[in-house]
Amino acid sequence: MPIGLNAGSANIDSNMQKKEITVKTARLFLLVSLVALIGALAIGPAAAQDDMSEFVFAHSGPIRPMDAHSHWYGSTHWMLKLYYDCLIWRSADGSGYVAEAAQSWESVDDTTWRFHMREGATFHNGEPVDAAAVKWNIDRVRHPIGDIPLYQQWAFVKEVVVVDDLTVDIHTHEPHAYFEYDVSYNGCELIPPAYFEEVGQEEFNRNPVGSGPYTLVELSENDRYVFEAWDDYHSGRPEVDRVIYQVIPEPSAQVAALLAGQIDMMTGVPVPDRAALEGTEGITLLTESANIMHHYYARVDTESGAFPETFPDYQPATLDINVRRAITHALDRHLLAEVHGAASPRLARVCSYYPEGFADKYADPDIIAEWYDPDLAKEYLAKAGYADGEGPTLYLDTPVVGRGGGAKEVAEVAAALLEEVGFTVDLTVRDASAFAVEVQRSGNNRDLMLATLGCGPALLPLFYQCDWSAVAYNVCNEDWDAVAQAIQVTIDGDARLDLWEQWWEYYIDLTQTITLFEVTNVMALNTGEFEFTPRKDGWMTFRELSKAGM
Amino acid sequence: MRAFIVSRLLQLVVTMLIVSVVVFFILRLSGDPILVVAPDFFSEEQIEQMRKFWGFDRPLGEQYITFLRKAVTGDFGTSYLAKRPAMELVFERLGYSWLLAAAAAAIGLTVAVPLGILSALKRNSFLDLLITMLSSLGTAMPSFWLGLMLIIIFSVHLRLLPVFGALEPKAIIMPSVTLGVGMAARLSRMTRSAMLEVLNQDYVRTAHSKGLMQNTVVLRHALRNALIPIVTVFGLQLGWLLGGSVVVESVFSWPGLGRLMIDSISVRDNTVVQAGLIWFALSFILINYAIDVIYILLDPRIRFQ
Amino acid sequence: MDAQNIHDSKLGEIANIPERRSLPLRLLAILLKSPVGVAGSLIVTSVVILAFVGPLISPHDPMSRNIRARFQPPGFVDTKGNLYTLGNDQLGRDVLSRIIAGSRVSVLVGVVSVLISGTLGVIYGLISGFIGGILDSVLMRIVDGLLAIPFIILVIAISGVVGAGLSTLILILGFTGWITYARVIRGEVLKVREMEYVIAAYALGQSRAKVMLLHILPNVVSSAIVLAAVQVGVTILAESSLSFLGLGVKPPTVTWGLMLADGRQYINSAWWMTAFPGIAITITVLGVVFLGDWLRDLLDPNVRGRA
C-alpha cells in the first residue's frame, strides 16, 4: 500500500549520489534479513510433549476476564466453570441441581436458604472455602463495586448470614421461585477473599485463584488458556489431565484444525462440513440444544429508548396488533430453521427441555407447520386496513451473524416470506456492535429486529412486566403482569406451571416477540480419544469429560 | 548531525501529539462504547453506573486531557473488557507481531531485491516480463484471499501446515508468506525501477565504457546507489506490513497485535484500540526515523533539511 | 512539469504523430504500442462495462435463493436445466451472477472515493506547497501524523466505530485516502513554483490565485492522475478487506469482499465460494495496476516506481 512518496525527509543531493555509498548498507541489509529469517523459523514455543491426556476445545471467542464476578459472558463462564466452584450448580441432564462448594443445602423457610460447606475444603492457594468466604463473595456480586455490573441480577438477596464456620444462610426479600437457578447464575463463582483483597482486580485477572477441579497453568488473554487437573479437588481429581480452551474465531478454521488433529472438539459445525466430518474416523457429530433462541421483536410503542428522537414522526405499522399477527403467520418457521441450518422451529421463548416451555404445544412440528398460514396473515392485514397485496413497509434490522449464527441468511428469507403476503420489507444488516449501538441497545427498533437470547425461564416473566426498564418490551398488560408476579413468588412447582400456562397465552396473543426457532448446537468431537455427553444447558464445560474406552 | 537528530525528535513528538488527537477523537465518533459492553438485560441505572465508572460522563475535552496526561506516563487505561491495563495486553501480543513482520520482511527482501535487479538487468526480456507479471499479481491479490487459498491447499487438502496459532515453528510459514508476498511484489517493482534509473545514470555508463565487467558494475555501482530509494520504500512498506498484519493475523488466528486490534474494534474496547493504534504509529515513525539516521551514519554527504 | 520534461515523457510522442489525426486517435495509437496499457485498459473497460450492463447479461438473478440447491459446485444443473457455471452459495444463489453484480460496487467504490480523496489531496497539497511557511509546516505535520497510522488500520478503526454501509464506506475511504496525495502534490508544487514561467507570470502582475490555478495546478495534475490510478486499486482492495472483516459494506448489497466473507465460513467444503470472487478482485486490480503503470510512464517519468 503506497503510503506516501517521500515521507522520510532525507533529501539526497543528486550530485553526491554519484559517489558510492559504503558497502555496509548492502551487508547490513543482508544480515538483518538473514537474522530475521533464522529467528522467525527457530523461535516459537514448542508444543508440550508428555504423557498427560490433553483435550483442546476450539472456543469461538471472545473470552473475558478471569474475575468471574465482573462480567456476564456465558461462553467465558463455560471456561470459568472448570476453574471455579459455585455453591450449587445445574446438573448436566437439566433435571435439578448438584452440590459443588456446598456439601448440601435446604430451604429453611419461604425466604431463607441454608448451605452447609465442606469441611477442610480450600481454594487452590489453600484459603478455606467456608461460610465467611461465601458471604464475602455474594456480598461482592450483589453490590455495585467499580463497574462490576451484575448486582441487579442478585438483587433478590436480602442478606447473607454466617451461622458458623461451615453454615451460611441466604435470606431473600420475598419468596423467590427460581432461587436455585439464580444462585447458580453467572457470578456464582467463588473467589478467595484474602487473596483478592491483597492483590486487587488487575493482578487477580492475571493470576486468578479458584476452587474448581482444574488449575490454570497458562493464560494468553483471549487466545489460549491451559488448565490442569487439581489433585486436591474435594470430589476427586478429574479424569482428563489437561483441558485447553483455544480461541479460533472462524468455524472453517476450527473444522480444518479438527481434521488436522490440532483440536479435539468444536461447536457450530457449518452445514456443508458435517458430512465430511461424520465420514472421518474418530470424529463424531453430537447435537444438543444450544440454549439460544432467535426471535423478532416488534415495535409496540413510540416512547421508549431513543426512538422518539431518532424517528420523531415514524408510526410503526407494528403498533397494530393485527399487523403483528399477520407477521407471525407469514413466517414459515420450518423453512427459516432449515435456512439457519441447525435449528428447530418454536413458538414460545423457553427452550423445549424446560417444563415451562410446554414443548407439546409450542415445539410441536405439526402445530408450527399449521401456524404458517399466508392466507390468515393476509386476513389480519385486511383487518388492519391494508388492501390485498398492499401491506405496510416493515424495517427489519439484524446483525450479520448473531448468537447462534445465520442471522443474515434467515433475515433475507424472512423478508421474502413477509413480502409474499403483501409487506414491503426494508432489511438492514449491521455488524454486531453497530447493531447493538444503533438499534438494539438504543431502542431504535423501528418495526422488527432480531433478538438472539438465552432461553431459561427464570428471568423471563420479569422482562415483560410494565415496570421493566430495559427497552423493547413495552407491551404493558396489567393482567399479564399479575400472572408474571405470581410466577416469581410461587415456590410450588406444579402451581407455578399452571401459571406459566396462562402466561404463554398472553405471550402468543400480544405478539410482541415473534419466536422463530431454537438453535441446535452441532458439535464435533474426537471420539477416538474422548467421551462427552453434551449438557442440557448448552454449556461447553468439561468437568464431566472422560477418556474414550475407560 | 546532533541538530538534525534533535529537530527530528521534536518533529516526532509533534507528530505523536497529532496521532493522539486523531486516535482519541476518531474512537469517540459514535459516543461511548458502554452500549456495546453492557449486556442486553441491563437497566438504565446499571448502564449509567458503568458510564460514570469509565468517566464517559465527563466533557470530551477533559477526557482527552486525562487520556493524554496518563498516556505520557505509559498508562493507556484499563481495557473495558479484559479489566487489565491496555498497554500490557498490547505488549503481550507484540512479540508475535514482530516475529511475523520480521519473517515477512525477510521473505520480502530476499525474494524481491534479487528479482528486481534481475528484472532491471534483463529489461524487456521474457524474464523481465514474467517477474513484472508476478509482482503485479502480488500487488493485485488481496492478502487475506491468498491466505485462505493457502489454508485450503496446505492445511485442508495436504494437511501439512497448522491452520491457526503460533504453537510450533512451522506455524509461521503460511502467515509470513501471505504477508511477505505483497511486500515482495511492491519491493521488487521498486527495486526494478530504482535500478533502471541508476543504470541510466552517466557514471554507470562511464563505468561501462571503462570496460568494467557487467556484474561488477551492477554490484559495486548501481546497487549501492539504488539502495537509497529501496531502503526508503522498505521503511514505508513496513507501514503496509503492520496494516496487512491486521488482516492476515485474523485469517490465521495468529496471536499478534493485529488480531488484538480486530477483536477489540469489534467490541469497541477503545482503550486497547487506542493503545494499539498509538503503538503502530510510534513504531512506524521510529523505524523511519532510524532509517533516516542510518543514512547519515552511512553517508554524511547526504544533505538533510 | 516543464517543457523539457514533457519532451522526456512519452506524452512527447503525441507531437510526433501526424497532426491530421484527432487527439483521441493519437492517444489510442500510443496505447496500442504498450502491451501493458492494452491489457490494463481491456480489463478495466470490461469491468466497467460489466458494472453497467450486468443485469442484462447476468445468467440468474443474483438475489434469488434456492435453499434446496445450496452449496452446489461449479457446473451444477438444477432440475429445470438451469446451469450454475460457478456453483451456488449458502442460500443457493448463483456465484457467477453475484460476481457480475459485485463489479458494480467495486467500480463505484474505486471511482467515487478516489475522486473525493484526489480532490481533497490536491487542494491540500496545493495550499500547503503554494502558501508555504508556518502553514505548510503545520499541514505537513498533520499529514505525518496521519501517515504514521497504516491506512488500512485507520480505515478499519473508523469504520469499526462509525459502522459502515456502502455510502459511509465510500466517504471513509475518500476522506482518509487524500493523505497519500497531499505530500506528493506539495512536492510537485514546490518544484513548479520555482519555474521560470511561474516567476514570469508574477512579473506580469498576475494574482497569486490566478498563478496557482492557471500555472501550478495544471502542472501537478498529471502526478495526481498517476497516483489516482494506483489508489483505485488500493481502494478496491481496502473495500474487500473491510467487507471481509465485517466492517465494510453490509448485505443485501452484493460485493466481492462480502462474498469472500460468506465463503470463508464454508471454505473446507465449498471452495468455489471463496476462489472465484478472489479471482475477480485480483484480475480487476491487476487491470488497474497495469493501467496505472502505463499512465505513469506516459505522463510522469518523475514518479516512476515510487508507489
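Could you check the range A:450-477 and list, in sequence order, the residues that are under 19 Å from the mean Cα position of the chain (by Cα) and at pLDDT below 80?
A:470 - this is the single residue of the range A:450-477 that is under 19 Å from the mean Cα position of the chain (by Cα) and at pLDDT below 80.
Does any residue in the range A:239-257 that is over 18 Å from residue A:81 (Cβ atoms) come within less than 9 Å, Cβ to Cβ, of a residue that is polar (S, T, N, Q) and assigned to a strand (DSSP E or B) six or more places away or on a different chain, and which pairs are these?
Matching pairs, first to second residue: A:257/A:246.
Which condition does residue B:76 not pass, out of (1) more than 27 Å from the chain's Cα centre (by Cα); (2) on the phi < 0 side of the Ramachandran plot; (3) not in a helix (DSSP H, G or I), if it passes all the others?
The single condition residue B:76 does not satisfy is (1).
Name the residues in the range C:36-52 that are under 20 Å from residue C:281 (Cβ atoms) and either in a loop (DSSP other than H, G, I, E, B) or hydrophobic (A, V, I, L, M, F, W, C) (or both), would you?
Once the filter is applied, which keeps residues that are under 20 Å from residue C:281 (Cβ atoms) and either in a loop (DSSP other than H, G, I, E, B) or hydrophobic (A, V, I, L, M, F, W, C) (or both), the range C:36-52 yields C:36, C:39, C:42, C:43, C:44, C:47, C:48, C:49, C:50, C:51, C:52.
Does the range C:203-211 include one or more residues that are more than 30 Å from residue B:261 (Cα to Cα), at pLDDT 85 or above and away from chain B (no Cβ under 14 Å)?
Looking for residues that are more than 30 Å from residue B:261 (Cα to Cα), at pLDDT 85 or above and away from chain B (no Cβ under 14 Å), one finds none in the range C:203-211, hence no.
Name the one entry in B:174, B:183, B:190 that is facing another protein chain (nearest Cβ under 7 Å) and either farther than 21 Å from residue C:273 by Cα or not hydroxyl-bearing (Ser, Thr, Tyr) (or both).
The unique qualifying residue is B:190.
Tally up the residues in the range A:474-488 that are loosely packed, with under 14 Cβ neighbours inside 10 Å and in contact (Cβ under 8 Å) with a residue 24 or more places away in the chain, please.
Total meeting the criteria: 1.
At least 3 residues that are over 22 Å from the mean Cα position of the chain (by Cα) in each: list the strands (runs of 3 or more DSSP E) lying fully within the range A:50-166 that qualify.
Of the strands (runs of 3 or more DSSP E) lying wholly inside the range A:50-166, those with at least 3 residues that are over 22 Å from the mean Cα position of the chain (by Cα) span A:102-109, A:112-117, A:157-164.
Quick one: which residue in A:467, A:509 is part of a helix (DSSP H, G or I) and loosely packed, with under 15 Cβ neighbours inside 10 Å?
None of the others qualify; the one that does is A:509.
Filter the range A:408-423 down to the residues that are on the phi < 0 side of the Ramachandran plot and in contact with a Gly (Cβ under 7 Å, 6 or more places away or on another chain), then identify the one that is surrounded by the fewest Cβ atoms within 10 Å (Cβ to Cβ).
By that ranking, first place goes to A:421.
Exactly one of these conditions fails for residue A:242: (1) in contact with a strand residue (DSSP E or B) (Cβ under 8 Å, 6 or more places away or on another chain); (2) within 14 Å of chain C (Cβ to nearest Cβ). Give me its number.
Going through (1) in contact with a strand residue (DSSP E or B) (Cβ under 8 Å, 6 or more places away or on another chain); (2) within 14 Å of chain C (Cβ to nearest Cβ) one by one, residue A:242 breaks only (2).
Restricting to the range C:38-94, give me the number of residues that are under 23 Å from residue A:341 (Cα atoms), among the hydroxyl-bearing types (Ser, Thr, Tyr) and surrounded by 15 or more Cβ atoms within 10 Å (Cβ to Cβ).
Qualifying residue count for the region: 1.
Residue B:163 fails exactly one of the following numbered conditions: (1) closer than 30 Å to residue A:219 by Cα; (2) in contact (Cβ under 8 Å) with a residue 40 or more places away in the chain; (3) away from chain C (no Cβ under 11 Å). What is the number of that condition?
Single failed check for residue B:163: (3).
Just to be sure I understand, how many residues within the range C:53-78 are of a type outside the set (Gly, Ala, Ser) and within 14 Å of another protein chain (Cβ to nearest Cβ)?
Total meeting the criteria: 12.
For residue A:326, are the conditions met, namely being assigned to a helix (DSSP H, G or I) and touching a residue at least 40 places away in the same chain (Cβ under 8 Å)?
Yes: the conditions hold for residue A:326.
In the range B:134-155, is there at least one residue being crowded, with 24+ Cβ neighbours inside 10 Å and away from chain C (no Cβ under 11 Å)?
Looking through the range B:134-155, none of the residues is crowded, with 24+ Cβ neighbours inside 10 Å and away from chain C (no Cβ under 11 Å).
Only one residue in B:81, B:9 is buried (at least 16 other Cβ atoms within 10 Å of the Cβ), at pLDDT 80 or above and of a type outside the set (Asp, Glu). Which one?
B:81
Of all residues in the range C:125-183, which are surrounded by fewer than 24 Cβ atoms within 10 Å (Cβ to Cβ) and either on the phi > 0 side of the Ramachandran plot or assigned to a loop (DSSP other than H, G, I, E, B) (or both)?
Selection gives C:132, C:133, C:163, C:165.
A quick yes/no check of all residues on (1) hydrophobic (A, V, I, L, M, F, W, C); (2) closer than 30 Å to residue A:227 by Cβ:
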residue: A:449; (1), (2): yes, no
residue: A:468; (1), (2): yes, no
residue: A:488; (1), (2): no, no
residue: A:535; (1), (2): no, yes
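The values are calculated or read from the model by the stated rules, or taken from the named source; none is laboratory data. Keep in mind it's a predicted model, so treat the numbers as computed, not measured. Positions of Cβ are generated from backbone atoms using ideal geometry, with glycine treated the same way; all protein chains shown enter the neighbour counts.
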